[in-house]
Amino acid sequence: MLAVSGFAHQVYRIGMQQNIERSGPSRDNPSFRTFLSTASSYKVRAGMAAWLLHRLTGLALVFYLAIHIMGLRSLSDPAAFEIYITVYRSPLFKVAEVMLLGAVAFHAFNGLRILVQDMFFRSERQRTLFYIVLALTVIVTLAGGVPVIFPYFIAPLLP
Amino acid sequence: MNSQYDVHGVGSSRSEVFGWLMQRITGIGLVLFLMLHFWVQHMPTGFLATAAEYSEILKGLGEKGPEFAGAIAEGKIREALPGEHVITYSKVLERLQAPLWKMIDIMLLFFALLHGMLGLAKVLGDYIQRSSLRKAAVICCWAVTLFLAVQGTVSVMTVGMN
């Protein structure tokens with residue numbers, strides 16, 4: 001444990017040193033500009049895509065969670081609650097509802113992948129597992145999303 | 001290196017291990033709770049009103065008071081489309097009468113808040129390098145979490161009490 005943390009610390013120190021050297025005059029505020037230049041120099045591979053998507057869906061979900069909890073205050077007033085739900089039933093929100101399911105599904109499956117990988121798999125299986133995560137996300141989003149949007153976007157198309 | 005950029009306990013600090021373990025536990029819990037939540041609130045089951053049921057409910061509400069009649073007339077409360085299943089107050093109230101459902105919803109609330117805020121604090125910590133600012137951000141996160149936890153718990157516990 002001590003050896004591992006010592007190694008991690010060493011890697012971190014070298015990384016920070018490079019970050020500060022590279023950022024030059026913006027040393028006091030190195031994060032965003034260096035993030036952009038570093039990010040654009042990377043070739044996006046499965047592992048990085050998984051990390052980035054996990055982070056972006058996580059941020060979106062925590063933002064939505066706060067809005068959702070504030071919306072639930074309308075539970076104290078039946079009329080306000082029906083009006084609140086009607087807003088969420090507009091066609092645009094129905095699409096957002098499916099996107100929400102997609103974000104939750106990806107974040108959940110990718111989280112389980114990280115857990116499984118930590119416990120059972122070695123690194124050569126990582127990419128395969130990530131593709132399985134993407135496939136499961138698509139399947140769950142379609143399976144759950146179609147009933148949600150059916151009355152709005154599919155039923156009107158049927159004869 | 002300037003000490004204000006120093007890292008705090010990479011892989012060795014107790015609070016980091018606590019956060020990591022909590023993310024695992026709440027993460028697994030959330031997978032189960034959210035499956036249930038999605039089934040109950042988004043899928044066409046008896047927990048939602050059918051188009052016909054919702055039409056009846058709106059008729060009842062329109063007679064109940066002018067605030068309902070006005071909102072229905074203005075389209076702020078809208079009839080369901082054919083085949084649509086709608087979340088409605090009376091159905092939510094009916095479900096939350098059961099203490100078990102209240103408990104499940106509050107567990108979901110706490111797990112989601114804990115998982116979300118631990119994650120957000122970690123993300124902020126990755127981009128905020130000054131340790132004093134990082135601490136301030138974490139404190140802000142927990143203040144918001146506490147506020148939302150109280151807000152959500154009150155909403156669930158006091159439903160139907162007015």
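The values are calculated or read from the model by the stated rules, or taken from the named source; none is laboratory data. Please read these numbers as outputs of a predicted model, since none were measured by experiment. So basically every Cβ, Gly included, is an ideal-geometry build from the backbone, and we count neighbours across all protein chains shown. The protein model used for the area step is the full one, side chains on, heavy atoms only, and it has no ligands, DNA or RNA in it. Shrake-Rupley method; radii C 1.70, N 1.55, O 1.52, S 1.80 Å.
Of note:
- Mean per-residue shielding of peptide A:68-75 is 6, counting Cβ atoms of other chains within 10 Å of each Cβ.
- Positive-end extreme of charge dipole, chain B - chosen from B:GLY29, B:TRP101, B:THR158 (charges on Cβ): B:GLY29
- Straight-distance crosslink candidates among lysines, where the alpha carbon sits under 20 Å from B:LYS135 and sequence neighbours closer than 8 are dropped: B:LYS122
- Placing unit charges on the Cβ atoms only, positive for Lys and Arg and negative for Asp and Glu, gives the range A:44-157 a dipole magnitude near 420 debye about its Cα centre.
- Candidate aspartates and glutamates - alpha carbon under 13 Å from B:LYS102, same-chain residues fewer than 8 apart omitted: B:GLU94
- By the rule of a C-alpha distance below 19 Å, with chain neighbours fewer than 8 residues away ignored, the lysines paired with A:LYS94 are B:LYS76.
- Counting only other chain Cβ atoms within 10 Å of each residue's Cβ, the peptide B:18-25 averages 1.
- Which of B:ALA112, B:CYS140, B:VAL92, positive extreme of dipole for chain B (C-beta unit charges): B:CYS140
- Chain B: relative contact order as a whole-number percent, Cα under 8 Å and 6+ apart: 27 percent
- Total accessible surface hidden between B and A, rounded to 100 Å², 1.4 Å probe: 4500 Å²
- Minimum 30 Å² accessible area buried by the other protein chains, the range B:113-153 residues, probe 1.4 Å, relative to alone: B:LEU120, B:VAL123, B:TYR127, B:GLN129, B:LEU148, B:GLN151
- Estimated vicinal HN-Hα couplings, Hz - the range A:73-87 in sequence order (Karplus 6.51, -1.76, 1.60; Gly, Pro = x): 4, 5, 4, 7, 9, x, 5, 4, 5, 4, 5, 4, 5, 4, 4
- Accessible area per residue for chain B is 56 Å², calculated with a 1.4 Å probe on protein heavy atoms, without ligands, DNA or RNA.
- Relative contact order for the range A:44-157, counting Cα pairs under 8 Å that sit 6 or more residues apart, in percent: 35 percent
- When the Cα positions of B:THR50, B:PRO82, B:GLY125 are compared along the charge dipole of the range B:48-154, B:GLY125 comes out farthest toward the positive end, with charges on each C-beta of Lys, Arg, Asp and Glu.
- Ranked by the mean number of other Cβ atoms within 10 Å of their residues, highest first, the peptides B:92-101, B:69-78 fall in the order B:69-78, B:92-101.
- The fraction of accessible area contributed by carbon and sulfur in the range B:20-79 is 70 percent, rounded to a whole number (1.4 Å probe; ligands and nucleic acids excluded).
- Mean accessible surface per residue for the range A:44-157, computed with a 1.4 Å probe while every protein chain stays in place, in Å²: 55 Å²
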